[in-house]
Amino acid sequence: MAGSVPADHHAKSEVLALIDKVSDLIGNDAYADAAREIAAFVNGRPGLRYFVEEALPSRVSDHVLKKTGAHVAFTTYTLRNPNWATELAQACTDPEAFERLVKGLEAAISTGKKAAA
């Protein structure tokens, strides 16, 4: 039992390091690279995939909101597309699908912002 504490701490550190790296990649619009990092990570640590998937929507939404400034459009989008976070998690290890999904989200939010103006 005492041996599991360091292992749990190590796993948490690994997940946090990955999330920071993925956040930086997303912040630089490198969505496919972010998905490649996630795929490599969860391939070696499949038991930690859930924690990565749970962190992604907030990282992507933070980036999209910072990039577009379209808070109302984002809220409208999430209400009209309640499964967006699940779709994001499902695509997170497929570079092309992840990039397409995030770029589509950005486009939809930008269009929604223009429509609201």
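Among the chymotrypsin sites (Phe, Trp or Tyr not before Pro) in region 29-117, none is located in a DSSP loop while being surrounded by at most 15 other Cβ atoms within 10 Å of its own Cβ. Computed over neighbours whose Cβ is under 15 Å from that of Asp8, the net charge equals +1, Lys and Arg +1, Asp and Glu -1.
Using C-alpha pairs below 8 Å separated by at least 6 residues, the relative contact order for region 1-111 is 32 percent. Taken about its Cα centre, region 4-116 carries a charge dipole of about 400 debye when Lys and Arg each add +1 at the Cβ and Asp and Glu each add -1 at the Cβ. Per-residue ellipticity at 222 nm, computed for the chain from helices alone with -39500 (n - 2.57) per DSSP H run of at least four residues, works out to -28000 deg cm²/dmol. By definition, a body whose alpha carbon gyration tensor gives a ≥ b ≥ c is prolate when a/c is 1.5 or more and a/b is larger than b/c, and the chain fits this prolate description.
Every number in this text was worked out from the coordinates using simple rules, so none of it is lab data. Note that the coordinates shown come from a computational prediction; the quantities given were computed from them, not determined experimentally. Every residue, glycine as well, gets a Cβ built from its backbone with ideal geometry; the counts of neighbours run over all protein chains shown.
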